Amino acid sequence: MFKQLKKNLKKDFSKFQHQKIALLGDSSTQFLAQSIRGIGYEFELNLDLWETGFNQIERQILDLSSELYEYNPDIIIIYHSSHKLLQKFNKTSIEERIFFADKELSNLVSLFQTLKSNISAKIIYYNFTEINDGIFGNFSSQIETSFIYQLRKLNFELSNHSIRNKNIFICDISTIQNKYGKDLFFQPSIYINTEMVLSIEILPHIAKYTVDIINALNGKIKKCVILDLDNTLWGGVIGDDGLENIEIGSLGIGKAFTEFQYWIKSLKNRGIILAVCSKNSELIAKTPFENHPDMILRLDDISVFVANWNNKADNIRHIQKILNIGFDSMVFLDDNPFERNIVRENIPEICVPEIPEDPAEYLDYLYSLNLFETVSFSELDGERTKQYQIESIRAEYQQNFTNEESFLESLKMVSVVEEFNKFNIPRVAQLSQRSNQYNLRTLRYTENDVENLSKSKSHKTFSFTLEDKFGDNGLICVVILAKEDKETLFIENWFMSCRVLKRNMENFVLNSIIDYALNNNFRVLKGEYIPTSKNEMVKLHYQNLGFIFVSNYWTLDIKTHIKKQTYITVK
Amino acid sequence: MNKDELLKNVNEIFIDVLDDETILLDYSTTASDVEDWDSLTHIQLVVAVEKKIKVKFTSKEIQSWNNVGEMLDCILSK
């Protein structure tokens with residue numbers, strides 16, 4: 001509720017991550033600004049909101065000496081309201097209306113481009129909520145010069161533009177209006193009196209959606225869903241009811257579970273890891289996955305399958321160890337309130353949705369939480385499940401070796417080493433957003449940032465893949481070097497996926513950097529470790545690689561450095 | 001509900017919305033008498049009153065009251 005968000009404003013934000021947000025609107029945005037800062041508190045964000053005076057979007061952006069550029073925000077939120085759009089449309093001559101969306105889009109594109117060339121801030125753009133002015137009734141959809149036709153076209157073209165321009169993130173407030181209805185979204189009497197187009201009741205939802213994007217930009221994303229089985233994935237109890245009697249398929253309540261499984265499967269296909277945590281005996285728990293004709297999820301969709309009679313909190317800790325990702329990137333879905341509470345009490349970081357009692361309501365409730373926000377997607381994300389499964393095969397294989405060296409040697413590891421290019425840009429950006437533990441300076445990059453780095457003359461970029469006899473992990477490590485002066489290369493960032501820990505990858509990476517440095521007459525490598533709550537793992541990273549700590553930085557003299565042993569070869 | 005009871009209810013809404021236990025309204029109270037009651041929080045108060053007392057104000061009414069008493073009269077006329 002807005003009132004609670006407002007109360008948050010009086011609380012202490014000083015320990016939270018600080019970010020500068022500019023909010024540019026063509027309507028009154030004071031309450032929206034308060035809501036965004038207020039909800040930031042709940043996510044431990046200290047968002048410093050700066051608003052332009054009312055209706056100054058174009059001036060602030062096009063005038064390069066404006067307060068906007070002086071403020072130098074990390075993120076710019078732009079909100080052109082549909083009401084103002086309609087006013088503009090009404091002033092457009094009948095003949096011009098057919099070009100209305102095209103013209104509006106080209107105005108927007110010129111704003112976006114001005115921003116892109118003058119400021120590194122990311123842009124969050126609110127799309128247009130639908131207003132049907134009823135001039136043509138239902139037939140509006142078939143009239144190119146109707147307002148709703150042009151508005152929808154504009155939304156669609158905006159999406160297309162943002163596909164190609166990776167510093168723009170569309171905040172889909174149109175779906176919020178679809179969910180809650182225009183009557184709740186918009187209160188005419190308030191609009192007439194204040195120029196506010198968002199009702200007080202809808203503000204928290206808009207603010208939440210906005211902060212969801214900000215969190216994703218900061219690398220706070222969900223990576224894994226842990227599923228209960230009985231009465232969560234299917235109706236009934238497999239141990240009691242048996243394979244024939246559990247509810248799944250097209251009949252009755254089974255339909256709800258089938259649709260739920262399709263949704264989970266779609267998450268898996270887009271790269272969310274699935275794990276099972278069930279109180280069952282393992283053999284019985286697996287039978288539906290293997291033998292039930294109506295099951296949508298199969299065993300090869302699940303990365304970690306845990307079915308036993310232990311406490312679920314302990315089982316989830318076990319799953320976390322295998323996957324090596326933070327608890328705060330996990331979602332636990334269980335129909336049983338008792339189990340949910342145990343997990344919540346023991347692992348407070350994990351997200352445990354209070355799913356409704358009626359399975360028919362699971363999906364709409366979960367849609368509304370918007371848990372799986374992301375700011376990047378790579379076609380390879382669907383491979384992730386397979387990679388985790390291979391990892392557990394590899395772990396088993398390692399048990400045949402008493403000596404780590406001979407294990408590493410037997411893996412026959414090869415790596416593709418490349419600069420950033422148009423094929424790997426999406427994955428590089430994504431890895432920068434996903435890596436929390438093995439990340440030396442935790443700078444996050446959008447695809448746009450990565451593209452700029454790839455063109456920069458003062459930087460040298462590296463990306464590394466890792467493949468072995470079991471399979472290909474894909475691109476798993478990135479190093480960005482900044483040429484500080486003729487002799488010094490500063491390691492602006494070094495991050496790696498935790499999937500490939502303990503393979504001597506860091507030695508191979510360092511050797512590659514050293515080769516480059518030697519060939520280009522650099523003498524010193526300089527690195528920095530910036531601690532976060534999650535990257536303790538790499539605190540001694542540079543020390544272990546032979547760097548020496550000198551006045552706040554780790555440095556390595558390239559000439560005297562002796563190359564490290566590695567079992568990885570260049571592919 | 002008579003005017004006095006209504007005043008009590010509205011007083012509670014003001015305390016809740018403005019987060020200030022010390023607010024004590026009477027019929028003659030105006031915005032300048034209450035800290036934090038400005039044109040912006042006025043909107044919040046109006047929406048809260050509408051919701052709690054289940055009335056709906058017209059656009060004109062929202063800006064027409066000179067004091068709390070006039071607001072109450074407006075509610076009672078509905």
Practice problem: Return the distance in nm (one decimal) between the two label points of a simple spin-label model at residue A:311 and residue A:160, each offset 7 Å from Cα along Cα→Cβ. | Solution: 5.7 nm
Exercise. Could you list, in their original order, any pairs among A:103/A:457; A:268/A:483; A:182/B:52; A:116/A:422 whose Cα atoms are separated by more than 30 Å?
Key: A:103/A:457; A:268/A:483
Quiz item: Add -39500 (n - 2.57) for each DSSP H run of 4 or more in chain B, then divide by its residues: what number comes out at 222 nm, to the nearest 500 deg cm²/dmol?
Solution: -17000 deg cm²/dmol
Quiz item: If all Cα-Cα distances of segment A:88-193 are sorted into 10 Å bins from 0 onward, what percent lands in each bin, rounded to whole numbers?
Solution: 13, 38, 35, 13, 1
Exercise. Please give the FRET efficiency for residue B:24 paired with residue B:58, using the beta carbon to beta carbon distance and R0 = 22 Å, rounded to the nearest 0.05.
Key: 0.20
Quiz item: With r defined as the distance between the Cβ atoms of residue A:179 and residue A:560 and R0 fixed at 45 Å, what FRET efficiency is calculated, to the nearest 0.05?
Solution: 0.10
Exercise. Could you please state, rounded to a whole Å, how far the C-alpha centre of segment B:13-78 is from the C-alpha centre of segment A:455-525?
Key: 63 Å
Quiz item: What are the semi-axes of the equivalent ellipsoid of the protein assembly as shown, taken as the square roots of 5 times the eigenvalues of the Cα gyration tensor, listed largest first and rounded to whole Å?
Solution: 49, 34, 25
Quiz item: Dipole magnitude of the protein assembly as shown about its Cα centre, charges +1 at Lys/Arg Cβ and -1 at Asp/Glu Cβ only, in debye to the nearest 20?
Solution: 2180 debye
Quiz item: Given a 1.4 Å probe and every protein chain left where it sits, what share in percent of the accessible area of segment A:2-217 is carbon and sulfur?
Solution: 50 percent
Exercise. Considering Cα pairs under 8 angstrom that are at least six residues apart, work out the relative contact order of chain A and quote it in whole percent.
Key: 9 percent
Quiz item: What does the accessible area per residue of segment A:2-217 come to in Å², with a 1.4 Å probe and no ligands, DNA or RNA counted?
Solution: 44 Å²
Quiz item: If you count, for every residue in A:186-198, the Cβ atoms of partner chains within 10 Å of its Cβ, what is the mean?
Solution: 4
Quiz item: Leaving out ligands, DNA and RNA, what percent of the accessible area of segment A:224-369 is carbon and sulfur, probe 1.4 Å?
Solution: 50 percent
Quiz prompt | Label-point separation, residue A:421 to residue A:519 (7 Å along Cα→Cβ), nm | solution = 1.4 nm
Quiz item: Just in segment A:243-317: which chymotrypsin sites (Phe, Trp or Tyr not before Pro) are loop by DSSP and have at most 14 other Cβ atoms within 10 Å?
Solution: A:309
Practice problem: May I ask which residue of A:450, A:64, A:525 lies farthest towards the positive end of the charge dipole of chain A, with charges of +1 (Lys, Arg) and -1 (Asp, Glu) on Cβ and the Cα centre as origin? | Solution: A:525
Quiz prompt | Length added when fully stretched, residue A:66-residue A:237, from 0.36 nm per residue minus Cα-Cα | solution = 55.1 nm
Exercise. Express in nm, to one decimal, how much length is gained between residue A:405 and residue A:393 on full extension, taking 0.36 nm for each residue of separation and deducting their alpha carbon distance.
Key: 2.5 nm
Quiz item: Once every DSSP H run of n ≥ 4 in chain A is given -39500 (n - 2.57) and the sum is divided by its residues, what mean residue ellipticity at 222 nm do you get, rounded to the nearest 500 deg cm²/dmol?
Solution: -12000 deg cm²/dmol
Quiz item: Within the protein assembly as shown, what percent of beta bridges assigned by DSSP are antiparallel, to the nearest 5?
Solution: 40 percent
Self-check item: Spin-label pair residue A:99/residue A:486, simplified geometry with 7 Å Cα→Cβ offset, distance in nm
Solution: 5.7 nm
Self-check item: Within-10-Å neighbourhood charge of residue A:1 [Cβ basis; K, R +1; D, E -1]
Solution: +2
Exercise. With unit charges on the beta carbon (Lys/Arg positive, Asp/Glu negative), name the residue among A:123, A:556, A:234 whose Cα is farthest towards the positive pole of the charge dipole of the protein assembly as shown.
Key: A:556
Quiz item: Relative to the Cα centre, what is the charge dipole magnitude of chain B, using +1 at the beta carbon of each Lys and Arg, -1 at the beta carbon of each Asp and Glu, and rounding to the nearest 20 debye?
Solution: 600 debye
Quiz item: Can you give the convex hull volume per residue for the Cα atoms of segment A:393-503, as a whole number of Å³?
Solution: 117 Å³
Quiz prompt | For segment B:2-48, residues shielded by at least 50 square angstrom of accessible area compared with the chain on its own, probe 1.4 Å | solution = B:16, B:19, B:40, B:43, B:44, B:47
Exercise. Please compute how much accessible surface disappears when A pairs with B, both sides summed, using a 1.4 Å probe, and round it to the nearest 100 Å².
Key: 1500 Å²
Practice problem: Write down the accessible area per residue of chain B in Å², having rolled a 1.4 Å probe over the full set of protein chains. | Solution: 57 Å²
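The values are calculated or read from the model by the stated rules, or taken from the named source; none is laboratory data. Keep in mind it's a predicted model, so treat the numbers as computed, not measured. When we count neighbours, we look across all protein chains shown, and the Cβ atoms used for this are built from the backbone with ideal geometry, even at glycine. Heads up: the accessible areas ignore ligands, DNA and RNA and are worked out on the full protein's heavy atoms, side chains in. Shrake-Rupley method; radii C 1.70, N 1.55, O 1.52, S 1.80 Å.
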